[in-house]
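Take a look at the structure set out below.
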Amino acid sequence: MPTVKIVDFKGLESGEITLSDAVFGSFIHVPAMHQVVVAHLANCRLGTHSVKTRAEVRGGGKKPWRQKHTGRARHGSVRSPLWAGGGVAHGPHPRDYSQKVNRKVRRLALRSALSMKVQESLFTVVESFDIDKPSTKAMKSFFEAIKAQKPLVIVPEGSNFVRISSRNIEGAKVINLGNINVYDILNSKTLIVTPEVIAKLEEVYAV
């Protein structure tokens, strides 16, 4: 079972914690992570793009000039895709980009992402966030103490002070445990959690 150090809010070591092999020491399944990340980015797309075809562009009912004997190419409408201001041929239209990923694959990808952070020593456990009011200075000092780069902090529900304190720090992101996802974990550098978050992850994903 992997063992990681626990630090306090000053960045000093205060103990160790043993992690579950099922969640934090599992085999890293790269194809599963890739599939989940692609689906996540696809699901973020609104799909509201739209252009007008030649049938939807206003005007163009009259033939620009007669068919023959003008010395110019023949045209039937100024709203043809060949004309500036005309319709668009084969352009984008509203569509749904969402992709479905099986529950087993999503869980496998999340366990793989967490295990990869632990193996790469980019996993930090903080005893607690001793913040009784929003303080960007305090959070920045903590990140500097543990040498966190592009940190992702996963907190239990209701930890608003941590989120507010981190929002002006470049590269830092804070998400609730209920919103944990593979994309944010892989897109970050240092993953920071609390023992409470670890216990919940092991309870949900160890099965």
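The values are calculated or read from the model by the stated rules, or taken from the named source; none is laboratory data. From a predicted model like this one, the values you see are computed outputs, not experimental measurements. Cβ coordinates were reconstructed from backbone atoms using ideal geometry, including for glycine residues, and neighbour counts include every protein chain displayed. The area values use the complete protein model at the heavy-atom level, side chains included, leaving out ligands, DNA and RNA. Shrake-Rupley method; radii C 1.70, N 1.55, O 1.52, S 1.80 Å.
In this structure, the amide hydrogen of Ile6, modeled 1.01 Å from its nitrogen in the peptide plane, lies closer than 5 angstrom to those of Ser14, Gly15, Glu16, Ile17, counting only residues at least 5 positions away or on a different chain.
Of all DSSP beta bridges confined to the chain, the antiparallel ones make up roughly 30%.
Given contacts defined as C-alpha pairs under 8 Å and at least six residues apart, what's the relative contact order of segment 1-79, whole-number percent?
Details: 59 pairs, mean separation 13.7, N = 79.
It comes to 17 percent, rounded to a whole number.
Of the listed values [x] 49; [y] 35; [z] 21, grab the one calculated as percent of Cα pairs over 27 Å apart from the structure here. Matching the structure shown: [x].
Against the chain, whose longest principal axis comes from its Cα atoms, helix 136-145 is set at around 70 degrees.
Between the Cα long axis of helix 103-119 and the first principal axis of the chain there is an angle of about 60°, rounded to the nearest 10.
Give the relative contact order (percent, whole number) for segment 59-207; include only Cα pairs under 8 Å separated by 6+ residues.
On the way: 166 pairs, mean separation 32.6, N = 149.
In percent, rounded to a whole number, it is 22.
Computed in the context of the full set of protein chains, the accessible area of the chain at 1.4 Å probe radius has 52% of its extent on carbon or sulfur.
Between Asp130 and Arg167, the distance separating the two model label sites (each 7 Å from Cα on the Cα→Cβ line) works out to 2.6 nm. Amide H contacts of Val174 (H built 1.01 Å from N, in plane; Pro and chain starts excluded): Val153 sit under 5 Å, all sequence-distant by 5 or more or on other chains.
Would you mind checking the pairs Lys10/Lys189; Lys5/Lys100; Lys100/Lys150; Lys117/Lys140; Lys133/Lys189 and listing those with alpha carbons more than 31 angstrom apart?
Numbers: Lys10/Lys189 20 Å; Lys5/Lys100 37 Å; Lys100/Lys150 29 Å; Lys117/Lys140 21 Å; Lys133/Lys189 26 Å.
Violating the 31 Å Cα-Cα cut-off are Lys5/Lys100.
Using the 1.4 Å probe convention, the accessible area of the chain works out to 62 Å² per residue with neighbouring protein chains retained. Each Lys and Arg contributes +1 and each Asp and Glu -1, all at the Cβ; summed about the Cα centre of the chain, the dipole is approximately 2580 debye.
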